[in-house]
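Written below as structure tokens is the structure these notes are about.
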Amino acid sequence: MLSKKVIENVLSAALSTGGDFAEIFIEDRYNTNINMVGGFVENSISGRDYGIGIRIFDGLNSVYAYTNDSTEGNLIKVAKEAALAIKSNKKDIVLNLMKSTTRNINPIKVIPNTIDKGKKVELLKRGYENAKNYDSLITQVTAGYFDEEQNILIANSEGLMVEDKRVRTRCKIQSVASKNGEMQIGFYGPGAAKGFEFFDDINVEEIGNEASRIAKTMMLADYCPSGVMPVVIHNEFGGVLFHEACGHSLEATSVAKRNSVFSGKLGQQIASPVVTAIDDGTLPNNWGSLNIDDEGTPTQRNILIENGILKSYLIDKLNGRRMKMKSTGSGRRQSYKFAPTSRMSNTFIANGESTFEDIISSTQKGLFAKKLGGGSVNPATGDFNFAVMEGYLIENGKITRPVRGATLIGTGAKVLENIDMVGNNQTCGQGMCGSESGSIPTNVGQPTIRVKALTIGGRKGEE
């Protein structure tokens, strides 16, 4: 991407006003996005994005600049301009870049941009047709295909110089069911850190069927009653509740500034003893997996909570300085246009000892949240509000009628304390997570869990 000599010159320029650390992040990304609406391709965009980000530290202060002009003269100019924000005594730093190799936890068989776009459209068409023809209640279907190849080089004044290639592929389908002027939405969107061979592992027709099944089921459902009751949250994308309500509050981005409800609580009991939660960026070919993070640190398995005890935070370089703790390989960014900060990768609640059947049969009355939708959370307080995309009542230890319009309302800390059963059927779902350093791919997951008391927003008087 750039020669070692050019990189050394740029880093030296970045340190010219007294900074104690400098980093260069070089990115060359290819991606394809295809969206199909009404059975026709609405847009199909393939592109390349190339650029360089330069970051400088002076103690706990940081400055970041980026450009897509990779000429040596321009890079040195940008580095020096960024360095003007640093006013310190110049340090005697000797640059000695040593190129290192990375392990490959995400082996790729077929690079997606070697596949004809017509074949990608054909896949979408098959998924669309199954979704649209699922039932007469399905009035609209949107299908999306995505792939990317991201090549990066990271070097810094500590001597690091490392390259990596990242490939991801995803298919997602959204169905709308309509009846009597009302609409309900179903969505399913699996993805992986794989090439086009991803489509050997999934069935696009089943993706379409699942999206439409959810939409139809909720269209014919009664409205959910409101109140406080036990809630059983299913596996896979049910893990988004932990991700949003608790995971963000465990990122050093908020912890280091003491803007998190979990700041200063390492070693303390913050959850029920049946809860163990993990962030693991090393799971082969998982959607959120990386060989190295966006600061060049190898990703790792981070046990966040073990049997209810807070064991670790997710830490990047700068916040690690603030907390006097090492990076956990959690520095991530959307692209060269963003400075990295601590983010999740594949975050999940680990398997427990209960079976799905045990959890349901031991719940006399409650809500079964089979699939969760979007939500919002305040990391400082942990307050959250989540829509239930697919829900059912539990009555006398059995799943009975479907209900719609449910929302889950509470705080992350309280939910952790109130989880009293954890299943043994852990799986993960895929999503895009937005935060200070942009939108990044993350896995969320869990087995089926039961929260013994949670506020449900629904319709008053509905029983």
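Descriptive notes on the structure:
- Test for Gly288: is it over 18 Å from the mean Cα position of the chain (by Cα) and in a loop (DSSP other than H, G, I, E, B): no
- Scanning segment 377-398 for residues that are closer than 15 Å to Gly366 by Cα, touching a strand residue (DSSP E or B) at 6+ places or on another chain (Cβ under 7 Å) and surrounded by fewer than 17 Cβ atoms within 10 Å (Cβ to Cβ) turns up just one, Glu395.
- Complete set of residues in segment 182-236 that are touching a residue at least 40 places away in the same chain (Cβ under 8 Å), out of contact with any helix residue (DSSP H, G or I) (no Cβ under 8 Å at 6 or more places or on another chain) and among the hydrophobic types (A, V, I, L, M, F, W, C): Ala193, Ile214, Ala215, Met218, Met219, Leu220, Ala221, Cys224, Val228, Met229, Val231
- Inclusion of Ala22 among residues that are in a helix (DSSP H, G or I), crowded, with 16+ Cβ neighbours inside 10 Å, among the small types (Gly, Ala, Ser) and touching a residue at least 24 places away in the same chain (Cβ under 8 Å) is not warranted.
- Of the helices (runs of 4 or more DSSP H) that lie entirely inside segment 107-219, those containing 2 or more residues that are closer than 22 Å to Gly374 by Cα span 204-219.
- Any hit, segment 70-89, residues being modelled with pLDDT of 95 or more and of a type in the set (Asp, Glu): yes
- The lone exception for Thr71 - which of (1) under 17 Å from Glu163 (Cα atoms); (2) β-branched (Val, Ile, Thr); (3) surrounded by fewer than 17 Cβ atoms within 10 Å (Cβ to Cβ) it fails: (1)
- Options Glu295, Glu306: the member that is closer than 19 Å to Arg166 by Cα and either out of contact with any strand residue (DSSP E or B) (no Cβ under 9 Å at 6 or more places or on another chain) or in the same structural domain as Ser435 (by TED's automatic domain parsing) (or both): Glu295
- Number of the condition not met by Ala85 [criteria: (1) out of contact with any Phe, Trp or Tyr (no Cβ under 6 Å at 6 or more places or on another chain); (2) outside any loop (DSSP other than H, G, I, E, B); (3) surrounded by 14 or more Cβ atoms within 10 Å (Cβ to Cβ)]: (2)
The values are calculated or read from the model by the stated rules, or taken from the named source; none is laboratory data. As the structure is a computational prediction, the values presented were derived from the model and not from experiment. In this analysis, Cβ positions are derived from the backbone assuming ideal geometry, glycine residues included, and neighbour counts consider all displayed protein chains.
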